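So the structure is just underneath, and the comments pick up after that.
The values are calculated or read from the model by the stated rules, or taken from the named source; none is laboratory data. Every value quoted in this text rests on a predicted model; they were computed, and no experiment measured them. No Cβ is skipped: glycine too gets one built from the backbone with ideal geometry, and neighbour counts run over all protein chains shown. Ligands, DNA and RNA are stripped out before the accessible areas are found, and what is left, the full protein with its side chains, is counted by its heavy atoms. Shrake-Rupley method; radii C 1.70, N 1.55, O 1.52, S 1.80 Å.
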Amino acid sequence: MELDALDRAIVGALVEDARSTYAEIGHQIGLSAPAVKRRVDRLLSTGAITGFTARVEPSALGWTTEAYVELFCRGKTSPAEIGMAVARHPEVISACTITGEADALLHIRAKDVRHVEQVIERVASEPFVVRTKSAIVLSRLIDDPPHTRNGAPHEV
């Protein structure tokens, strides 16, 4: 679906603060609250907006350690197979296929280094995994989504 300028403005407002009311968004972009609601309903029904989430500080959950893990897989392991396998591990907060020697890159959050090690051991036991290579995060240098940096709105 192609988004027009108003749709992009609505999505940008929701990305900035998904709890904004239709009236608040309408005021920002020059539409009535019912018009914003109709557009949001259409964006949801067409799949342009896939849902709304809460961002939670990982340390509030006790998950203060994170790591990136490269997966090296056997033969022609499909991205779907990798995705289904790693999705079973709640500590894997994102996964993607990548260029280079590794087949996939996982982002893991855990309570401590031992917990990270246990997750890597579980992932490494998948039948298609040949080896892993991991890096523990020491500190985050940038942790905000691009749309919230420097107070500047993100162009969607």
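Checking residue 95 against (1) at positive phi; (2) at pLDDT 95 or above, only one condition comes out false. Which one? Residue 95 satisfies every listed condition except (1). Being assigned to a helix (DSSP H, G or I), within 19 Å of residue 126 (Cα to Cα) and open to solvent by less than 60 Å² (accessible area, probe 1.4 Å) is a condition met by no residue of region 50-63. When region 64-91 is filtered for residues that are out of contact with any Gly (no Cβ under 9 Å at 6 or more places or on another chain) and in a strand (DSSP E or B), the ones remaining, listed by number, are 65, 66, 67, 68, 69, 71, 72, 73.
Annotation note: Cβ proximity below 6 Å between a residue of region 111-128 that is under 15 Å from residue 68 (Cα atoms) and a residue that is open to solvent by less than 90 Å² (accessible area, probe 1.4 Å) and aromatic (Phe, Trp, Tyr) (sequence gap 6+ or interchain) occurs for 111/63. Within region 22-46, the set of residues being under 24 Å from the mean Cα position of the chain (by Cα) and among the hydroxyl-bearing types (Ser, Thr, Tyr) comprises 45, 46. In region 112-121 there is no residue that is surrounded by 11 or more Cβ atoms within 10 Å (Cβ to Cβ), of a type in the set (Asp, Glu) and touching a helix residue (DSSP H, G or I) at 6+ places or on another chain (Cβ under 8 Å).
Of all residues in region 113-156, those that are charged (D, E, K, R), in a helix (DSSP H, G or I) and at pLDDT below 95 total 1. Search region 64-84 for residues being in contact with an Asp or Glu (Cβ under 8 Å, 6 or more places away or on another chain) and at pLDDT below 95, and hand back the single one that is surrounded by the fewest Cβ atoms within 10 Å (Cβ to Cβ). Per the criteria, the residue is 64.
Scanning region 1-42 for residues that are in contact with a helix residue (DSSP H, G or I) (Cβ under 9 Å, 6 or more places away or on another chain), touching a residue at least 60 places away in the same chain (Cβ under 8 Å) and either open to solvent by 80 Å² or more (accessible area, probe 1.4 Å) or acidic (Asp, Glu) (or both) yields a single hit, 16.
For residue 94, the criteria (1) open to solvent by 30 Å² or more (accessible area, probe 1.4 Å); (2) farther than 27 Å from residue 138 by Cβ; (3) polar (S, T, N, Q); (4) not in a helix (DSSP H, G or I) hold in every case but one, which is (2).
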